[in-house]
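Presented below is the structure to which this report refers.
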Amino acid sequence: MSPVNCVLCGEGEDVSVHLVARNREWRVVRVLDNPDHPAFWRVIWNHHSAEMTDLAPEQRSALMQVVCKVEAVVRRELQPLKVNLASLGNVVPHLHWHVVARWAEDPHFPQPIWGERQR
């Protein structure tokens, strides 16, 4: 996928997410279109890069600090049983991290949110 076709590179209005924070290097969005998992955020690197090792060490550190800050806020405010962190990029090869609060009664727990539904 070229950056021209990358859904995470675009700056257009995306009603499936809510912008929480941003700077020149990254942005944090809350995912709104996943009713099974309403406590779902993405930390997105603004520039089109597919892998963590595409970034300079200080950029990797900055990105992970944001991921950890989002996790800390989610834990403090929502007190989930677990917080899942994932950086897959198989479908959209643009560097981004998923931060998902999990509870024992959520539809997929203890499987990943993309796994087989448990209830």
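The values are calculated or read from the model by the stated rules, or taken from the named source; none is laboratory data. Being a predicted model, the structure only gives us computed values, none of them experimental. Cβ: placed from backbone, ideal geometry, glycine included. Neighbour counts: every protein chain shown. These accessible areas exclude ligands, DNA and RNA; they are computed on the full protein's heavy atoms, side chains included. Shrake-Rupley method; radii C 1.70, N 1.55, O 1.52, S 1.80 Å.
With respect to the conditions (1) part of a loop (DSSP other than H, G, I, E, B); (2) open to solvent by less than 40 Å² (accessible area, probe 1.4 Å); (3) touching a Leu at 6+ places or on another chain (Cβ under 7 Å), residue 108 falls short on a single one, namely (3). Restricting 33, 54 to those that are among the charged types (D, E, K, R) and within 30 Å of residue 119 (Cα to Cα) reduces the list to 33. Filtered by the rule that a residue be in a loop (DSSP other than H, G, I, E, B) and free of Cβ contacts under 8 Å to residues at least 24 places away in the same chain, region 63-80 gives a lone residue, 79.
Restricting attention to region 2-18 and to residues that are open to solvent by less than 100 Å² (accessible area, probe 1.4 Å) and over 12 Å from the mean Cα position of the chain (by Cα), the residue that is modelled with the highest pLDDT turns out to be 16. Kindly evaluate residue 90 against the criterion of being touching a residue at least 12 places away in the same chain (Cβ under 8 Å) and among the polar types (S, T, N, Q). Taking the combined requirement at face value, the residue does not satisfy it. Checked against (1) part of a loop (DSSP other than H, G, I, E, B); (2) in contact with a strand residue (DSSP E or B) (Cβ under 9 Å, 6 or more places away or on another chain), residue 101 passes all but condition (1). Residues in region 51-71 that are under 14 Å from residue 95 (Cβ atoms) and open to solvent by less than 40 Å² (accessible area, probe 1.4 Å): 6 in all.
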